[in-house]
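Worksheet: one structure, shown below.
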Amino acid sequence: MVQSLDIDAQGIARRPDGKVVFIEGALPSEWVSVQVQRKKNNWEAGTVSAIHRASAQRVQPGCAHFGLHVGACGGCKMQHLDATAQVAVKQRVLEDNLWHLAKVKAETVLRPIEGPVWGYRYRARLSVRHVHKKGEVLIGFHERKSRYVADIRACPVLPPQVSALLLPLRALVHSMDARATCPQIELACGDALIALVLRHLEPLSDDDLARLRAFAVQHEVQWWLQAQGPQTVRLLDQGGASLSYTLPEFGIQMPFRPTDFTQVNPYINRVLVARALRLLGAQKTERVIDWFCGLGNFTLPLATQAGAVLGIEGSEALVARARENYSLNQTVRPDPLCGTQFAARNLFDITAAQLRADGVAHKWLVDPPREGAFALVKALAELHQQPELRGDWQAPQRIVYVSCNPATLARDAGLLVHQAGYNCVGAGVVNMFAHTAHVESLAVFERSAATAPS
């Protein structure tokens with residue numbers, strides 16, 4: 001019998017001798033037969049060949065391209081599991097990581113943040129491949145466990161208007177002179193605009209540029225071109241509308257470029273920002289630092305609540321756009337944002353001295369990439385443990401940590417709890433990527449009364 005699921009959505013079972021078997025396509029409580037494909041001394045891995053007793057949580061996948069068959073799309077891993085059960089699996093993964101990697105147990109399990117499970121993916125990198133032998137172009141995600149591009153004709157996790165573009169895009173690229181030298185189309189949707197970034201390895205002919213322009217008019221999209229690295233991305237034609245999204249609860253408008261980091265799921269992002277700020281509880285008398293601030297997704301809403309905000313980000317370009325977004329919102333809002341500053345700094349190499357130089361903040365919001373915020377929390381722990389280095393600097397009373405990797409969250413939580421004087425008062429999952437094994441989460445840390453300076 002299958003006992004549980006791992007972080008990659010594989011069923012976990014044990015043979016009578018105790019050997020672990022990882023089973024792709026199996027769900028907890030099911031009795032299945034397995035086609036074993038890999039054998040090691042301590043474990044085996046394979047795929048389901050027959051289901052003898054199905055789980056009550058097994059559902060019919062919402063996409064014909066999902067499954068274990070040859071050529072199946074590898075973009076999703078959990079469509080066969082009820083959406084509510086997917087969230088429970090991710091919560092267990094979060095709790096297991098916190099405990100097994102850091103010996104941290106949250107005092108409260110936060111209510112999961114959930115939203116639409118179809119049509120939510122407003123950002124995606126679609127691979128493009130001209131298959132000469134078939135005389136066609138494929139556009140989509142990679143096949144399951146393969147470098148090949150899946151032959152998908154629709155994708156229900158993409159917005160419907162974007163899914164409907166997949167076949168027209170295939171026809172467009174197939175008609176181009178550069179059909180063999182365009183390996184990727186990056187998708188970025190705003191509230192009212194679809195932008196497509198075409199990666200091209202060779203200069204595009206005038207005929208190809210004309211084809212792109214005609215497609216843009218017919219399908220109401222905006223083309224960007226990328227000849228080399230991200231710094232080369234440029235609009236095909238200047239003018240027209242700009243990408244942006246809104247955070248209505250805070251009256252914030254956020255313009256962005258298609259290669260800027262924004263959250264994949266705008267429905268979840270609105271709830272996430274509101275929940276994070278509510279947990280942080282910033283007051284008009286308080287100063288807040290937003291670490292890894294990006295475009296200001298949390299910084300600008302914080303500026304509607306706090307007394308002063310400092311946003312710190314590693315990218316000079318993102319900091320420049322965060323400043324632009326702050327200025328824009330100051331001009332269009334009926335009530336002003338609080339004093340807000342931005343700074344560019346390498347947050348993977350920050351020291352205790354640099355942390356002290358940023359001044360005292362009552363509260364922190366931390367939203368790092370998958371690598372986590374190890375250097376930051378390590379510097380915080382050093383200041384906690386070395387009064388001579390700390391001086392009159394004071395640690396934040398509360399930290400809200402937004403994570404896209406439960407393993408690095410657990411590592412950082414271990415430092416905060418065991419070396420920096422904090423308690424983990426709450427943690428819960430954020431179902432940003434429904435039907436995938438990707439685990440996003442939110443954790444809240446408060447300064448222990450016993451460690452706070454008198």
For this session: Match the structure shown to one of the listed values (i) 19.8; (ii) 24.5; (iii) 29.4 of mean projected area of the Cα convex hull in nm², computed from it, and give that label.
Result: (ii)
Exercise. With each pseudo-label sitting 7 Å past Cα toward Cβ, what's the ARG234-ASP358 distance in nm, one decimal?
Worked result: 3.6 nm
For this session: With a point put 7 Å past each Cα toward its Cβ, work out how far GLN397 is from LEU101 in nm, to one decimal.
Result: 3.0 nm
Seminar exercise, completed: Averaged over all viewing directions, the convex hull of the alpha carbons in the range 14-78 casts a projected area in nm² of 5.1 nm²
Problem set entry | Protection proxy ranking, peptides 16-23, 412-419, 170-177, average beta carbon neighbours within 10 Å, highest first | 412-419, 170-177, 16-23
Seminar exercise, completed: Cross-link reach from LYS378 to lysines, straight Cα distance under 23 Å and at least 8 residues apart if same chain, gives LYS103, LYS105, LYS363
For this session: Would you calculate, for the chain, the mean residue ellipticity at 222 nm contributed by helices, counting each DSSP H stretch of 4 or more residues as -39,500 (n - 2.57) and dividing by all residues, to the nearest 500?
Result: -8000 deg cm²/dmol
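Extension gain ALA171-ASP206, at 0.36 nm per residue separation less the Cα-Cα distance, in nm? Present the calculation step by step, with values, prior to reporting the outcome.
Details: separation 35, 0.36 × 35 = 12.60 nm, distance 1.80 nm.
Net length gain for the segment: 10.8 nm.
Excluding ASN405 itself, calculate the net charge of residues whose Cβ lies under 13 Å from the Cβ of ASN405, where each Lys or Arg counts +1 and each Asp or Glu counts -1. All intermediate terms of the calculation are to be shown ahead of the outcome.
On the way: positive: LYS90, ARG370, ARG411; negative: ASP367, GLU371, ASP412, GLU440.
My count for the surroundings of ASN405 gives -1.
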Problem set entry | Apportionment of accessible area to carbon and sulfur, the chain, percent (1.4 Å) | 52 percent
Problem set entry | Accessible area of the chain divided out per residue, in Å², using a probe of 1.4 angstrom | 45 Å²
Problem set entry | Normalised alpha carbon radius of gyration of the range 320-409 [divisor 2.2 N^0.38 Å] | 1.27
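Assuming 0.36 nm per residue, please report the length gained on full extension of the stretch ARG345 to ARG123 beyond their Cα-Cα distance. If you can, show how the numbers build up before the last one.
Details: separation 222, 0.36 × 222 = 79.92 nm, distance 2.64 nm.
Result: 77.3 nm gained on full extension.
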For this session: At most 14 other Cβ atoms within 10 Å and a DSSP loop assignment: could you name the GluC sites (Glu not before Pro) in the range 28-118 that fit?
Result: GLU107
Exercise. How much of the DSSP beta bridge set in the chain is antiparallel, as a percent to the nearest 5?
Worked result: 65 percent
For this session: Starting from the Cα of LYS19, draw a straight line to each of the aspartates and glutamates and keep only those under 15 Å, dropping any in the same chain fewer than 8 residues away.
Result: GLU44
Seminar exercise, completed: The simple spin-label model distance between ALA88 and ILE12, using points 7 Å out along Cα→Cβ, in nm, is 1.7 nm
Seminar exercise, completed: The FRET efficiency for ALA449 and ALA56, from their Cβ-Cβ distance with R0 = 45 Å and rounded to 0.05, is 0.50
For this session: Compute the signed sum of charges (Lys and Arg +1, Asp and Glu -1) over the other residues within less than 10 Å, Cβ to Cβ, of ARG125.
Result: +1
Exercise. What number comes out for the charge environment of GLY46, summing +1 per Lys or Arg and -1 per Asp or Glu over other residues with Cβ under 13 Å away?
Worked result: +4
Exercise. Cross-link partners among aspartates and glutamates for LYS40, C-alpha distance below 17 Å, same-chain residues fewer than 8 apart left out?
Worked result: ASP17, GLU24
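The values are calculated or read from the model by the stated rules, or taken from the named source; none is laboratory data. Only a predicted model underlies this, so the values are computations on that prediction, with no experimental measurement involved. In this analysis, Cβ positions are derived from the backbone assuming ideal geometry, glycine residues included, and neighbour counts consider all displayed protein chains. Protein only, heavy atoms only, side chains kept; ligands, DNA and RNA dropped before computing areas. Shrake-Rupley method; radii C 1.70, N 1.55, O 1.52, S 1.80 Å.
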